[in-house]
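Notes follow once the structure below has been shown.
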Amino acid sequence: MPPKRGEIWIHGERLQDLSRSAVDRLRGEEMGFIFQQFNLIPYLSVADNILLPTHLYPERRQAAIAEFGSLDLALTHLLQRLGLAAELLTQAAHQLSIGQQQRVAAARAFIGRPSIVIADEPTSALDWKNQTQLMDLFLSLAHEQRTALVMVSHDERLSEHFDERMTLAQKVAV
Amino acid sequence: MVWLRIAFFSALARKGGLLIMVLSTAISVAILLGVFKIRDDTKTSFSNAISGVDLVVGAKGSPTELILYSVFHIGRATNTIAASYEKSLMAIKPVAWVVPVQLGDSFRGYPVVGTSIEFFTRIKAQGRHLELSEGKALTDPTLFEVVLGANVAKNTQLKRGEQIAITHGSGTGPKQDHSNSPFRVAGILKPNGTPIDNAVFISTNAFDALHDIEEGGIQFAKLNPDSQVSAFYVGLKDRGGVFSVRRQIDALPNAGLMGVMPGVALDDLWSTMEVAENALLIISLGVLITTILGITATLLVSLENRRRELAIFRAIGAKPYQLLRLVLFEALLISLIGIALGWLLLQIAILLSADYFRTSWGVVTSIGLPTTHDLMSLLALVIVVLLCACIPAIKAYRMALNEELNPPST
């Protein structure tokens with residue numbers, strides 16, 4: 001969906017100038033997404049969900065393998081970092097609790113070192129304690145992987161975690 | 001492979017609707033293959049009703065009528081020919097054996113065939129020699145012995161050694177019992193799925209004697225000079241000589257005989273049945289088209305349920321053509337599983353109904369791998385399914401990456 005006003009620049013390229021397939025590639029190869037509603041594929045296993053970006057983009061797969069030696073090791077590492085038990089890997093995504101689902105969504109966004117992870121209200125479905133815990137995890141993962149984390153939140157308390165903050169003034173609804 | 005697995009799990013998650021689609025594909029595949037099967041097996045069974053017979057010799061006329069009457073005991077009676085021609089036929093060099101066939105009488109509605117002992121050793125039914133389930137074949141041509149076809153024995157409950165009366169004529173109309181003729185059941189044939197199952201066999205002498213009764217008293221003429229037969233079954237030493245033998249039979253002076261190759265006559269007959277065959281084929285094609293439309297419709301409907309799922313794939317960076325592939329994979333999966341299941345269904349149906357077809361229709365069916373023709377049709381089916389699946393697939397392709405991913409903002 002093109003912006004109505006303004007421009008989006010990613011890696012020195014103006015998004016509106018790119019072809020649709022180039023945008024697809026950019027989205028899959030360079031970016032990870034964490035949604036408010038997690039958006040896991042419910043019928044796939046946790047492992048399959050996390051590995052989806054690596055199936056779609058060989059660059060993501062190679063980055064993951066280069067970092068950890070194999071996709072399996074990358075999986076174990078991410079799971080461990082996010083505090084998920086390894087037994088979860090074979091479970092279908094819809095069997096997980098909300099907190100677990102959001103961690104799996106994060107693993108999917110971070111696998112294979114994307115340069116940007118965009119998180120849209122990633123923690124608002126969680127309680128405060130989990131929110132801060134997860135925020136710390138996200139940030140340390142981003143730091144470790146040298147991935148930029150762009151987060152949208154209505155919760156100003158979370159802003160203290162970030163280097164740069166922008167406040168979007170409430171616009172008049174159309 | 002990853003996409004195949006994703007397609008599989010995705011289908012598994014929506015198994016309810018897809019299962020019905022797989023079943024309906026299976027049923028229409030079973031119907032289509034079944035029609036092919038019935039057509040092929042009917043034709044083979046028909047052609048194999050008598051085998052080992054190289055020529056059927058009868059009075060000049062319609063070859064098809066001669067075969068229908070003398071082999072299948074149906075249709076109009078053909079003109080009879082003198083039994084004494086047996087010698088002339090044997091005199092033709094490549095001829096190995098000659099078996100007379102006399103028809104025209106019946107026993108409780110079953111055709112009575114007057115023939116020689118050799119009938120039971122020379123003639124093959126469905127490619128197999130005739131076998132007796134009990135008793136023995138006609139051994140002594142001077143006796144009033146009867147050999148019953150399997151169905152006749154089963155339906156009349158006659159046992160070996162029982163006395164029976166044989167009717168003159170077709171068995172309908174005014175009763176003309178030869179009740180004073182002391183026929184005795186000598187043997188019963190095993191079922192073989194041919195008209196032989198429904199016939200009663202007596203020796204030519206006995207057959208002639210039946211007719212002599214009208215002229216007073218039962219008696220055997222040593223060799224009745226007036227004896228008439230409906231046809232001769234002729235076997236050759238070398239099948240390659242069949243055309244030459246046929247020419248020589250046609251040329252026998254004053255005989256008015258013709259030699260008919262059963263296979264050729266049956267092929268002619270078969271071609272007249274093409275209309276019925278095509279009707280069957282059109283019906284099964286109709287079933288197939290319904291199934292294909294059903295698959296397309298199911299895919300379209302399930303696409304609505306998959307909007308969110310497909311949007312997630314797009315958000316992770318899946319290109320539109322990968323979604324197209326996902327939908328096509330699913331169509332492929334449905335049709336392949338449906339085909340496998342349909343084939344299995346047909347094999348089970350054949351196993352269960354083979355006995356019925358054999359005894360009631362004289363059609364021998366057997367399970368077996370699909371023929372090349374079957375495979376070509378199934379391949380065509382898969383291709384058409386994939387082509388039709390392109391409609392929902394293209395719809396998935398166009399499906400925009402939109403706000404499906406988040407709940408409507410409040």
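Do we find that A:SER45 is within 12 Å of chain B (Cβ to nearest Cβ), of a type in the set (Ser, Thr, Tyr) and without any contact (Cβ under 8 Å) to a residue 12 or more places away in the chain in this structure?
no
Can you say whether A:GLU59 is within 11 Å of chain B (Cβ to nearest Cβ) and assigned to a helix (DSSP H, G or I), as far as the supplied structure shows? Steps first, answer last, please.
Numbers: within 11 Å of chain B (Cβ to nearest Cβ): yes; assigned to a helix (DSSP H, G or I): yes.
For A:GLU59, the condition - within 11 Å of chain B (Cβ to nearest Cβ) and assigned to a helix (DSSP H, G or I) - is met.
So which residues in the stretch B:1-10 are among the aliphatic types (A, V, I, L, M) and more than 9 Å from chain A (Cβ to nearest Cβ), if there are any at all?
Filtering the stretch B:1-10 down to residues among the aliphatic types (A, V, I, L, M) leaves B:1-2, B:4, B:6-7.
Passing the criteria: B:MET1, B:LEU4, B:ALA7.
Tell me, which residue of the stretch B:315-352 that is in contact with a helix residue (DSSP H, G or I) (Cβ under 7 Å, 6 or more places away or on another chain) and free of Cβ contacts under 8 Å to residues at least 24 places away in the same chain is nearest to the other protein chains (Cβ to nearest Cβ)?
B:GLY317
For (1) within 22 Å of B:ALA396 (Cα to Cα); (2) in contact (Cβ under 8 Å) with a residue 60 or more places away in the chain, each residue gets a yes or a no:
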{"position": "B:ARG5", "(1), (2)": "yes, no"}
{"position": "B:ALA11", "(1), (2)": "yes, yes"}
{"position": "B:VAL29", "(1), (2)": "no, yes"}
{"position": "B:VAL35", "(1), (2)": "no, yes"}
{"position": "B:LYS43", "(1), (2)": "no, yes"}
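Looking only at the stretch B:13-27, count how many residues are within 14 Å of chain A (Cβ to nearest Cβ) and either touching a helix residue (DSSP H, G or I) at 6+ places or on another chain (Cβ under 8 Å) or in contact (Cβ under 8 Å) with a residue 60 or more places away in the chain (or both).
Number of matching residues: 2.
Starting from residues that are within 14 Å of chain B (Cβ to nearest Cβ) and among the polar types (S, T, N, Q), keep the ones in the stretch A:107-148 and report whichever is farthest from A:ALA63 (Cα to Cα). Even if it seems obvious, please write down each step before you answer.
Residues of the stretch A:107-148 that are within 14 Å of chain B (Cβ to nearest Cβ), as a first pass: A:107-112, A:114-122, A:124-125.
If we keep only those that are among the polar types (S, T, N, Q) as well, we get A:115, A:124.
Working: A:SER115: 11, A:SER124: 30 Å.
In this case the residue turns out to be A:SER124.
Listed here are the residues, each with its yes/no results for (1) facing chain B (nearest Cβ under 9 Å); (2) buried (at least 21 other Cβ atoms within 10 Å of the Cβ); (3) in a helix (DSSP H, G or I).
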{"site": "A:ARG25", "(1), (2), (3)": "yes, no, yes"}
{"site": "A:GLN37", "(1), (2), (3)": "yes, no, no"}
{"site": "A:PRO53", "(1), (2), (3)": "yes, yes, yes"}
{"site": "A:ALA64", "(1), (2), (3)": "no, yes, yes"}
{"site": "A:THR76", "(1), (2), (3)": "no, no, yes"}
{"site": "A:LEU88", "(1), (2), (3)": "no, no, yes"}
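All but one of (1) at pLDDT 85 or above; (2) closer than 21 Å to B:VAL2 by Cβ hold for A:ARG103, so report the exception by its number.
Of the numbered conditions (1) at pLDDT 85 or above; (2) closer than 21 Å to B:VAL2 by Cβ, the odd one out for A:ARG103 is (2).
For the stretch B:54-76, how many residues are aliphatic (A, V, I, L, M), more than 10 Å from B:VAL260 (Cβ to Cβ) and touching a helix residue (DSSP H, G or I) at 6+ places or on another chain (Cβ under 6 Å)?
1
When you go through B:LEU23, B:LEU18, B:LEU4 one by one, which is the residue that is within 30 Å of A:LEU56 (Cα to Cα) and either charged (D, E, K, R) or surrounded by fewer than 17 Cβ atoms within 10 Å (Cβ to Cβ) (or both)? First the steps, then the outcome.
Values: B:LEU23 fails: within 30 Å of A:LEU56 (Cα to Cα); B:LEU18 fails: either charged (D, E, K, R) or surrounded by fewer than 17 Cβ atoms within 10 Å (Cβ to Cβ) (or both).
One residue alone meets the criteria, B:LEU4.
The values are calculated or read from the model by the stated rules, or taken from the named source; none is laboratory data. What you see is a predicted model; the values in this text were computed from it and never measured. Glycine gets a Cβ as well: all are built from the backbone with ideal geometry, and neighbour counts include every protein chain shown.
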